[in-house]
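As structure tokens, the structure follows; a few thoughts come after it.
Quick note: the coordinates plus some simple rules give every number you see, no bench work behind them. Being a predicted model, the structure only gives us computed values, none of them experimental. Note that each Cβ is placed from the backbone with ideal geometry, even for glycine, and that neighbours are counted across all protein chains shown.
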Amino acid sequence: MVGSARQYHITTFGCQMNKADSERMSGILDTMGLTWTDDPYAADVVLYNTCTIRDNAEQKVYSYLGRQAKRKHEKPDLTLIVAGCVAQQEGAALLRRVPELDLVMGPQHANRLQDLLEQVLDGNQVVATEAVEIMEDITKPRRDSDVTAWVNVIYGCNERCTYCVVPGVRGVEQSRTPEAIRAEMADLGRQGFKEVTLLGQNIDAYGRDLPGSTAEGRHQHTFTDLLYAVHDVPGIERIRFATSHPRYFTERLIRACAELPKVCEHFHIPFQSGDNDVLKAMARGYTHEKYRRIIETIRRYMPDAAISADAIVGFPGETEEQFQHTLDLVNDIAFDQLNTAAYSPRPGTPAALWENQLPEAVKAERLQRLNHLVAQKAAERSLRYQGRIEEVLVEAINPKDPTQVMGRTRGNRLTFFPGDFATLKGELVQVNITEVRPFSLTGEPLQALVAAG
Ligand code: SAH
Ligand code: SF4
Ligand code: F3S
């Protein structure tokens, strides 16, 4: 690689999948001898890892790209890269829109960044968006944290939700082998990481594309089997996973989570809508009754489990009464956290072509009502932590108060408490919760354990 002083910057939009991809691409650039800079306008290589889930996510990228394209006119050796889901969706059209771009690469090509950059250095403008079998990764990702890490388990999505771009941009499901996943986790354990979050768009659909089934005809490599296969990796003390699809969430999986001590009692299971006709139009493949049964079963095995989800308001044709069913579900289940969004019509998705689109004002008003209820419910859910002892894994210094450290409870609540980061980093500390807010907690560490730890 030319000139060892070349600096790169990556800005990441979108979901955990993109964050994990960015860490791997960053690792590749480090290996190539480039160095990281926080400043996108000082970098020689700028990579935007993009998201196209909603229109506003996509528009953000174009405004950043506009500024970088201008910069390239003064700095012709600037290498400009668009990766991720906008790259996949737009492909060569992006080059026409922003001719200053050097490389447009879809998410399935993240591990090929070095190869693609070499083609750019040979003087080519490169578009890599064809569907490929994702290579097992050999570079070391440059991880944001050295306590918690993402581990990809399954790429892609085989569902066809009528609003969603993901199957189009992330391709069909590709499961990594249990051996590769375990090996990556073991490596993380050796490096001192304490917590792993297993990642997939529909993680509970894991393994369907791997060969092999049991004598009873059940698939041998379900996500539940994977949990049993990796839960004892040395050094890793906590295991989380996201995202789960209600269609594949089994009682067997719930039992495994209850049984395996390292698996944290937090479940992220999007429901999208509380109305059966809307769910049907979305092609989600379950009813609100089934969703409620899943949550009841989780709470039967793990009464205190934290539950989070995603929901969409203002899907085409959604009536006030149907929206009310979403409010009912949120009210009844009392989520610890809920990501909410107004429906955004996306290119290439069936629902975008329907004529029963709702006015923006209606969507915005419903979103506001839903968010209000969510905050109220989260605040209520937080109250149960008051005065309790919670296990917190120390991840960082509280950016707002350097005399405090921060971490998460097993239920994924952000928690602050006084302490010295240098001694507590990566430790599991028992914390007495003294203050609760809707989405975070404050407490005091139990002295005995801190001294011992
Ligand atoms: N695979 C996961 C979610 C992936 S996308 C699942 O099926 O649950 C993350 C979230 O973005 C979705 O859960 C959904 O709530 C939201 N989303 C996806 N497409 C959207 C759209 N067109 N408009 C608004 N929100 C959308
Ligand atoms: Fe999108 Fe549906 Fe796949 Fe989730 S399951 S990524 S919402 S198509
Ligand atoms: Fe966005 Fe792609 Fe993730 S569209 S939400 S970055 S899969």
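A few remarks follow.
- For region 1-50: rounded, prolate or oblate by the Cα gyration tensor [a/c cutoff 1.5]: oblate
- Spin-label model distance (nm) - Lys400 vs Gln324, 7 Å beyond Cα toward Cβ: 3.8
- Neighbour counts of C-beta atoms inside 10 Å place Asp204, Asp332 in the sequence Asp332, Asp204, starting with the fewest.
- Three-way shape call for region 1-134 based on the alpha-carbon gyration tensor, with the a/c threshold at 1.5: rounded
- Mean Cα-pair separation over length for the chain, i.e. relative contact order, pairs under 8 Å, 6 or more apart, %: 10
- Full-extension gain in nm, Asp144 to Leu383, via 0.36 nm per residue minus C-alpha separation: 82.9 nm
- Here Lys19 is the anchor, and the aspartates and glutamates within straight C-alpha reach of less than 14 Å, apart from those fewer than 8 places off in the same chain, are Asp144.
- Nearby lysines by direct alpha-carbon distance to Lys400 (threshold 21 angstrom, same-chain neighbours under 8 apart not counted): Lys425
- Calculated [222 nm] ellipticity per residue, helices only, for the chain: -11000 deg cm²/dmol; basis is -39500 (n - 2.57) per DSSP H run with n ≥ 4, divided by all residues, nearest 500.
- Point-to-point label distance, Glu74-Trp354, nm (Cα→Cβ direction, 7 Å offset): 4.9
- Percent antiparallel among DSSP beta bridges (both partners in the chain, rounded to 5): 35
- Extending 7 Å from the Cα toward the beta-carbon at both Thr423 and Ala131 defines two label points whose distance is 5.7 nm.
- Cα-based shape type of region 112-182, given that a ≥ b ≥ c are square roots of the gyration tensor eigenvalues and the cut on a/c is 1.5: oblate
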